[in-house]
1. Between K47 and T72, what is the spin-label point distance in nm, taking each point 7 Å from the Cα along the Cα→C-beta axis?
2. Solvent-accessible area per residue for the chain at a 1.4 Å probe radius, Å²?
3. Return the carbon/sulfur percentage of the accessible area of the chain, one whole number, probe 1.4 Å, all protein chains in place.
4. Testing the spin-label approximation: label points 7 Å from Cα along Cα→Cβ at V18 and R4. State their distance in nm.
5. Please list, in chain and number order, the residues 5+ apart from I33 or on another chain whose amide H is under 5 Å from its amide H, with Hs placed from the backbone.
6. Could you work out the local net charge near V31, counting Lys and Arg as +1, Asp and Glu as -1, over the other residues with Cβ closer than 13 Å to its Cβ?
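The values are calculated or read from the model by the stated rules, or taken from the named source; none is laboratory data. Because the structure is predicted, anything quoted here is derived from the model rather than measured. Because the Cβ atoms are built from the backbone with ideal geometry, glycine has one as well, and the counts that use them run over all protein chains shown. Keep in mind that these areas ignore ligands, DNA and RNA; they rest on the heavy atoms of the full protein, side chains included. Shrake-Rupley method; radii C 1.70, N 1.55, O 1.52, S 1.80 Å.
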Amino acid sequence: MKEREIEFNTDVKIKGTVSFPKESEGKLPLVIIIHGSGPVDRDGNAKVMQMNAYKMLAEFFASAGVAVLDMTSGEPV
């Protein structure tokens, strides 16, 4: 799986990670993971528990040939 950090600056700043299969060419289907403002990071880990839930989802979809955009909620610019 390959990953690329991205950032959109509009009325809010939105950061994310795009994950896609190592051997990808052309257009791919895309899954978007948008999680809330709770105490978990972009990979799905809380301070007291390392679960990597969102990271594992991205790895699963990438292994099936699907790209993943994993975004954090926006911050005012």
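1. My value for the distance between the label points is 1.5 nm.
2. Per-residue value: 70 Å².
3. C and S fraction of accessible area: 57 percent.
4. Output for this residue pair reads 0.4 nm.
5. L69, D70, M71
6. Net charge in that neighbourhood comes out at -2.
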